[in-house]
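Single-structure report; data block below.
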Amino acid sequence: TKTMKTSLITVTTDLGYGFATGQLKAVVAGLGFEGKLIENHDVKPFSIVEGAYGIWQLAKFCPPGTVHLGIVDPGVGSDRAGLVIKTKNFWFVGPDNGLLYPAAVADRIEKIWKIDEGDNISNTFHGRDVFIKLAVLLTQSEKPKGEEIDKIQKLEFKEGQILHIDHYGNAKIWGKK
């Protein structure tokens, strides 16, 4: 499976704007990526729901072929898997904790790979050591490596659930209008 050539990666994390995000950008530059990065690093720490909502909302405005990277990963260093998901229009890369699920399902999942993360990685920063590298490789028409799987961690928003509170104090609440 050849990937769609793209020059856009979105990055949604709970890392804040600082040292860790600087390292992500250094890895991207070191891999020769010359496209655009759209970054959101202000997801509340460990808020998989808020991160999932952010990725889902962002994907609606991106062109086909965009690679969406999610790094909200309280399970880093555990046995949780990393994923690459191919949907009708996009690629999603990140942990198997539900973070990618709402956006991937909205765009119709076609294939899922469990990432072979290897041994030479930090047990606290898979975003830098695994996920961002895969995101860049997908933009360079590389194929995902790893085992194809058919089940992933689901995350579904619930009626009345607060998904995000912006810096003005406005709450985004899931539900019918």
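Please identify the trypsin sites (Lys or Arg not before Pro) of region 64-100 that satisfy two criteria: DSSP loop assignment and at most 16 other Cβ atoms within 10 Å. Which are they?
For trypsin sites (Lys or Arg not before Pro) across region 64-100 that sit outside H, G, I, E and B with at most 16 neighbouring Cβ atoms in 10 Å, the list reads 80, 88.
Report, by chain and number, residues whose modeled amide H sits under 5 Å from the one on residue 83, excluding near sequence neighbours (fewer than 5 apart, same chain).
94, 96, 115
Residue 174 to residue 41: extension gain in nm, 0.36 nm per residue of separation minus the Cα-Cα distance?
45.7 nm
Per residue of region 53-70, what does 6.51 cos²θ - 1.76 cosθ + 1.60 with θ = phi - 60° give for ³J(HN,Hα)? Whole Hz please, x for Gly and Pro, Karplus curve as stated.
Here the 3J(HN,Hα) series is 4, x, 5, 4, 5, 5, 4, 4, 10, 9, x, x, x, 4, 9, 9, 9, x Hz.
Give me the 1.4 Å probe accessible area per residue for the chain, excluding ligands and nucleic acids, in Å².
Averaged over the residues of the chain, the accessible area is 53 Å².
Let me know the longest stretch in the chain that avoids all GluC sites (Glu not before Pro) found in a DSSP loop with at most 14 other C-beta atoms within 10 Å.
Maximal segment without exposed cleavage sites: 35-141.
Relative to the longest principal Cα axis of the chain, at what angle does helix 19-30 sit, 0 to 90 degrees, rounded to 10?
It works out to around 40 degrees.
Just the Kirkwood number for region 112-151, please: inverse of mean 1/r across all distinct Cα pairs, in Å, one decimal.
That comes to 10.9 Å for region 112-151.
Given a 10 angstrom Cα cut-off, can you work out which residue in 105, 130, 11 is the most mobile in a GNM of the chain?
105
Compare 55, 38, 115 in a GNM of the chain, Cα atoms joined below 10 Å, and give the one with the largest fluctuation.
Checking each option, the largest mean-square fluctuation is seen for 38.
First check a/c for the chain, with a ≥ b ≥ c the square roots of the eigenvalues of its C-alpha gyration tensor; if it is under 1.5, answer rounded, and if not, answer prolate when a/b is larger than b/c or oblate otherwise.
Details: a/c = 1.41, a/b = 1.27, b/c = 1.11.
Rounded.
Once you place label points 7 Å from the Cα toward the Cβ at residue 60 and residue 80, how far apart are they in nm?
Computed distance between label sites residue 60 and residue 80 equals 2.5 nm.
The values are calculated or read from the model by the stated rules, or taken from the named source; none is laboratory data. Here the structure is a predicted model, which is why all the values come from computation and not from measurement. Virtual Cβ from ideal backbone geometry, glycine too; neighbours counted across all protein chains shown. Remember, those area values only see protein heavy atoms, side chains included, never the ligands or the DNA or RNA. Shrake-Rupley method; radii C 1.70, N 1.55, O 1.52, S 1.80 Å.
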